[in-house]
1. When Lys and Arg each count +1 and Asp and Glu each count -1, what net charge do the other residues less than 14 Å away from GLU63, Cβ to Cβ, add up to?
2. Over region 22-70, what is the relative contact order in whole percent, taking alpha-carbon pairs under 8 Å and six or more residues apart?
3. Take TYR34 and LYS13, extend 7 Å from each Cα along the Cα→Cβ direction, and tell me the distance between the two endpoints in nm.
4. Once the other residues with Cβ under 15 Å from the Cβ of TYR49 are scored (Lys, Arg +1; Asp, Glu -1), what is the net sum?
5. Cβ neighbours within 10 Å, averaged per peptide: list 40-49, 13-22 in order, most packed at the top.
6. May I ask you to rank GLU39, GLU128 by accessible area, largest first, using a 1.4 Å probe over the protein chains only?
7. So, in nm, how far is label LYS45 from label ILE111 when the simple model puts each one 7 Å beyond its Cα toward the Cβ?
8. Between THR59 and GLU94, what is the spin-label point distance in nm, taking each point 7 Å from the Cα along the Cα→C-beta axis?
Amino acid sequence: MEQTIQTNSSVMKVTEIIEEHRLKLPLEKGELTYYSSWEQIFGTKGSDYSHEERFERWTLVCEELKKFNPEMVKYWNDPITSNETCLGCIHRSESKIWCNGMGLPCNFNPITQILGMACMGTGYQKEE
């Protein structure tokens, strides 16, 4: 059975609400939610948001997502998983989950939009 949400005296299916939400680009920070698309969080191109803005947006979405699916937040912010991809890279943040070179989560590949390296391997620079 599909969930429904009451909005403005009408009932919409959850999927319809998500689809409608994801049509809006760009999305202001205050409009971000746990079901926002990657493009809504990070922009459609690198110049849409600064690295700092992308980090703020990611943090907001993760905080919201923690309420509904804390395991998913762990999945995308897992320093052990980023060890497999970014261990020893100079761009890896102290938290071990953020790529300072790309301004994206270490584990997020922006091309495939799935688990992978933020720089797709091309920006990896070994620590000395």
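The values are calculated or read from the model by the stated rules, or taken from the named source; none is laboratory data. Source: prediction; values computed, not measured. Cβ sites come from the backbone with ideal geometry, for glycine too, and all protein chains shown count toward neighbours. Accessible surface is based on the protein model in full, side chains and every heavy atom, while ligands, DNA and RNA are left aside. Shrake-Rupley method; radii C 1.70, N 1.55, O 1.52, S 1.80 Å.
1. Details: positive: LYS29, ARG57, LYS66, LYS67, LYS74; negative: GLU56, GLU64.
Neighbour charge sum, excluding GLU63 itself: +3.
2. Values: 35 pairs, mean separation 19.0, N = 49.
Relative contact order of region 22-70: 39 percent.
3. Once both label points are built, they end up 2.1 nm from each other.
4. Values: positive: LYS29, LYS45, ARG54, ARG57; negative: GLU28, GLU31, GLU39, ASP48, GLU52, GLU53, GLU56.
That works out to -3.
5. Working: 40-49: 16.0, 13-22: 13.3.
So the peptides 40-49, 13-22, ranked by packing, come out 40-49, 13-22.
6. Working: GLU39 60, GLU128 220 Å².
Sorted by accessible area, descending: GLU128, GLU39.
7. Distance between the two pseudo-spin positions: 1.8 nm.
8. 1.3
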